[in-house]
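Rule-based calculations on the coordinates, nothing more; no lab input. Values in this document were obtained by computation on a predicted structure and should not be read as measured data. Note that we place each Cβ from the backbone using ideal geometry, even for glycine, and neighbour counts take in every protein chain shown.
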Amino acid sequence: MDQARVLLQDAIRFQQALMASSFQAELIDGASPVLWYGRPTQQQWLTVGTNPSRGEFYERDGAVRSGATQKFYWRDQTLDAYVEDERALDATLAYAGAYFEAGRATTSWFGKPGGAKLEALLEGMGRSFYDGSALHVDFFKYATWRQMGQLRTGRQWMEHPTSLDLLERTIRHVAPSRLIIIGRDNCEAFDGFTHREIIEAYPSARFELGHHMTLGIPMIGLHFKPSEVFVGLGNGQDVFGLHHGSYAKREHLIRIGEAIETSARRYFV
């Protein structure tokens, strides 16, 4: 807990710097940094996305999430006070740890147990967010009003040296047995990929394999986003005439996951 608290404090300090930058208007001021989604344990696989959405903190009607629908800690004090408030820091970590418990997860992105989305792909690989064998983190730990891909300077701030340092320290803390990087742009920010593949039955689902350059952890890089099917694939068909929208169905995601896992086991031996 102490290491996690220090990591959170450093994430809050970077949030302070961001709130004093030109990126301030894009950030949700009261939203806490999100270190991870789920409870870190040993030998987990770690999926890496982009950044928290505003839906993690706000209801659809614009109200701040609270009570049974609250997913993460909402800050009601200054950042200066927050970074020194041990009770607030522990509450932040507790909310993040309980994300996949008690129905808190955003299933429209992660998927339900036995459902589709990213969870189905993981299921095909023999893992799950809901049994704790997989954990999720984001490249950039801060929620924004708009999607990062819509922001002109979004990538610049994601790849700020402090942001990259926080991400690597997060990976070190979790110490996963495998990394799964989601999205081609995110893959390009990781050094260590050496082998690219296409799944024969799903030729638009491209991925790459390698090892984290400094940590040596096996990595899989997905050039598509299982929870956002047209991101990276486009609204079209593959060479077999299968519409990319079909890639998002549970049965196809499981097969895609199985195929990736077959290649990964062969590569990582």
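How far apart, in nm, are two points set 7 Å out from the Cα along the Cα-to-Cβ line at Q147 and at E258?
Once both label points are built, they end up 3.0 nm from each other.
Could you list the trypsin sites (Lys or Arg not before Pro) in the range 174-269 that lie in coil according to DSSP, counting only those with at most 13 other Cβ atoms within 10 Å of their Cβ?
The qualifying sites are K249.
Post the alpha-carbon centroid distance, the range 156-190 to the range 86-115, in whole angstrom.
20
Subtract the Cα-Cα distance of R87 and M19 from 0.36 nm times their separation in residues, and report this length gain in nm to one decimal.
Once the chain is fully extended between R87 and M19, it gains 22.2 nm.
What nm value, rounded to one decimal, do you get for the distance between D10 and E101 when each label is placed 7 Å out toward the C-beta?
2.7
Connecting C-alpha atoms closer than 10 Å in a GNM of the chain, tell me which of V48, V137, V64 has the biggest fluctuation.
Looking only at V48, V137, V64, the largest GNM fluctuation is found for V64.
F240 to L215: extension gain in nm, 0.36 nm per residue of separation minus the Cα-Cα distance?
That pair, F240 and L215, stretches by 5.1 nm at full extension.
Out of the trypsin sites (Lys or Arg not before Pro) in the range 56-124, which ones are loop residues according to DSSP with at most 14 other C-beta atoms within 10 Å?
Those satisfying the criteria are R60.
Can you count the Lys pairs in the chain with C-alpha separation below 16 Å, eight or more apart or on different chains?
6
Per DSSP H run of at least 4 residues, take -39500 (n - 2.57); add these up for the chain, divide by its residues and hand me the 222 nm value, nearest 500 deg cm²/dmol.
-9500 deg cm²/dmol
7 Å from Cα along Cα→Cβ at both D2 and A94: what's the point-to-point distance in nm?
Using points 7 Å along Cα→Cβ, the separation is 2.1 nm.
In nm², what is the average projected area of the convex hull enclosing the Cα atoms of the range 2-268?
13.7
Label the range 1-142 by shape, choosing from rounded, prolate and oblate, from the square roots a ≥ b ≥ c of the eigenvalues of the Cα gyration tensor; if a/c is under 1.5 it is rounded, and otherwise prolate applies when a/b is larger than b/c, oblate when it is not.
Note, shape of the range 1-142 comes out prolate.
So for the chain: antiparallel DSSP bridges make up what percent, rounded to the nearest 5?
55
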